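Student: Could you have a look at this structure, given as structure tokens, before my questions?
Since every read-out is calculated from the coordinates, none of them should be taken as a lab result. Because the structure is predicted, anything quoted here is derived from the model rather than measured. Backbone-built Cβ (ideal geometry, glycine too); neighbour counts: all protein chains shown.
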Amino acid sequence: MMRIFARKARRGGNKRHSLLLAVLCALAFAATLSAQSNITYNFKQTIGQGSIGGTIVTDGHIGTLATSDIVGWNLNLNGVGATYTLTPSNSGVQQFLGNDLTTTKNGLYFNFSGKDGGYFDIQALSPGFGSGAKYMCENSTYYGCWSGASVVPQSSSDPSAQHVPESGVQELAYAGPSETALINSVVALARARIAQALVNQLQSQILTGLNEQVSCGNCGGGSMSFGSATLSAHGRHSLSPEWTLLGGTDLSQYKQQGANVNLSTGLATAIQYDPVHFGSSRPYAEAGVSGSYQRMHYTRSYDNGEGASNGNGKTHGFDASAYAEVGWVDRVSPRDEAAAYLSYSRLWQIVSGYTEPASSDNPFNAAVPAGTDVMDVSGFNTQYTHLFGRKVEANINSGVEWAFNTQSGLSITVDGLKVSPPQPTLVYFQAGSRVGIRLKSRLTLDLYINSVLATHGVASSAHGGSGLRWAF
């Protein structure tokens, strides 16, 4: 009997432990759900010559709010010549009477015409509640502050304090992305479009002989690349001992930051003047143009107030550029060539208008009208080529580029806010290399890589591949 009793007691203990564990898990799960249900409202209110801006976070309760439903805030009180910021660390919430502060999933509202003495106030802990200093107040008829809306960054008796009478139900804050979140997302998208333009510029430079020496014979061929999945054809033909025509075409697909170019077809051509009669060390000049048609998918990521969202839009566009360069080439030896040159380019990127439709991943649709990105680029570049034996040729090239007069054609209206981001002046770098392996007397296998190393939030990228070149 003692042995049976002991076994039953242990079983009972296991049941109690299991029940306790289940209760703890349920409480933890409930706490997680509660934390996940918080809603951030973007507070934006004009009061006389002052304003209140920032955020208020609730526990997700919909309907009439109590003080305990407000779990966080960051409010900038802007008066006449004075400001103060209220946060949970330096202030507290007072909501004493009435049912006038309410919420929906879309906004936070106050009924200024309420008849129950409704009153909502957040005030600094120092000098304290009831001091008449450093507070905001929404009030129907309660005697604790002025009727209507008040913003007091210093003292209620200070000229910086602003208050105005109000009536009816007014929206104090809206649920959704904050202005800061929207602006940051649009700035990031503008940077993605800069990165896209730089990739297009690099691809056009490859088509006009970026990885080749300046003084080179007639040749042509095709290549495939990674980084940007590209099929291309390129060639050069001497019109005379001094004049050479260069050009090429490509078909590519690539992703760069928030820009997904799922189709790009381009063409580039240039004319080069290389006065060989000047000797082995001489000046030279080159000028060219390029253009491409592209189909793009843009992604704009942002915090919508409840979590992460992505605005997605599909469109098409065109890229064009014109450039000129002057430099000096030196045939150091029969196996070596070095060159340095200054360049100037003008880039245009024309993007057709599109929309970001609302979806489960993007609760706020947006409209993006057509626009043109413009950029001037000046650079200093060098290249060096060496022939190893009779079958292997190696080339390296590098440059520092300065993008200026940058103008963004991106303008977007999302959730009622229109944003047109400025474009930065930036310095970026280019570096590349090519190894040519002669397979036959006129046929060469080229292995190459080129990179763009950018700053100011513009993504860097590398593009390389292989090709066959036929000398004729």
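Student: Of the chain, which part is the longest with no trypsin sites (Lys or Arg not before Pro) in a loop (DSSP not H, G, I, E, B) and with at most 16 other C-beta atoms within 10 angstrom? Working shown, then result.
Tutor: Details: sites that count: 105, 115, 335, 390, 391, 440, 442.
Between the exposed loop sites, the longest stretch runs 116-334.
Student: Wrap a convex hull around the Cα atoms of segment 39-175, take a quarter of its surface area, and give that in square nanometres.
Tutor: Details: hull surface 27.2 nm².
Over all viewing directions, segment 39-175 projects a mean Cα-hull area of 6.8 nm².
Student: So if the hydrodynamic radius of the chain is defined as the Kirkwood radius over C-alpha pairs, what does Stokes-Einstein give as its diffusion coefficient at 20 °C and 1.002 mPa s, in µm² per second? Display every interim value, and only then the final one.
Tutor: Numbers: Rh = 27.4 Å.
Rounded to a whole number, D works out at 78 µm²/s.
Student: For a label point 7 Å from the Cα of residue 420 along Cα→C-beta, name the residues of segment 365-400 whose backbone N is under 17 Å from it.
Tutor: Backbone N within reach: 367-375.
Student: Okay, next question. Considering every Cα-Cα pair within segment 395-456, what fraction, in whole percent, is farther apart than 20 Å?
Tutor: That tail contains 57 percent of the Cα-Cα pairs.
Student: Under a Cβ-only charge scheme (Lys and Arg +1, Asp and Glu -1), can you give me the dipole magnitude of the chain about the Cα centre, in debye to the nearest 20?
Tutor: Details: 30 positive and 30 negative charges, 496 e Å.
So the dipole magnitude of the chain works out to roughly 2380 debye.
Student: I'd like the distance separating the alpha-carbon centroids of segment 338-399 and segment 224-248, in whole Å.
Tutor: 17
Student: Considering the dipole of the chain built from charges on the beta carbon (Lys and Arg +1, Asp and Glu -1) around the Cα centre, which of 263, 148, 447 is farthest to its positive end?
Tutor: Highest projection toward the positive end goes to 447.
Student: Suppose only helical runs count, i.e. DSSP H with n ≥ 4. What mean residue ellipticity at 222 nm does that imply for the chain under -39500 (n - 2.57) per run, divided by all residues and rounded to the nearest 500 deg cm²/dmol? Don't skip to the answer; put the middle values down first.
Tutor: Details: 2 runs with 64 residues, N = 472.
About -5000 deg cm²/dmol.
Student: Over segment 98-214, one equal point on each Cα, no solvent: what is log10 I(q)/I(0) by the Debye formula at q = 0.15, 0.18, 0.20 Å⁻¹?
Tutor: One equal scatterer on each Cα of segment 98-214 leads to -0.80, -0.97, -1.06.
Student: Measure up 105/418; 105/134; 44/314; 255/391; 105/255 against 26 Å on the Cα-Cα distance and list the ones that go over. Walk me through the numbers on the way to the answer.
Tutor: Numbers: 105/418 23 Å; 105/134 29 Å; 44/314 32 Å; 255/391 36 Å; 105/255 36 Å.
Checking Cα-Cα distances, 105/134; 44/314; 255/391; 105/255 exceed 26 Å.
Student: Taking the Cα centre as origin and putting +1 on Lys and Arg beta-carbons and -1 on Asp and Glu beta-carbons, what dipole magnitude results for segment 129-273, to the nearest 20 debye?
Tutor: On the way: 5 positive and 8 negative charges, 86 e Å.
It works out to roughly 420 debye.
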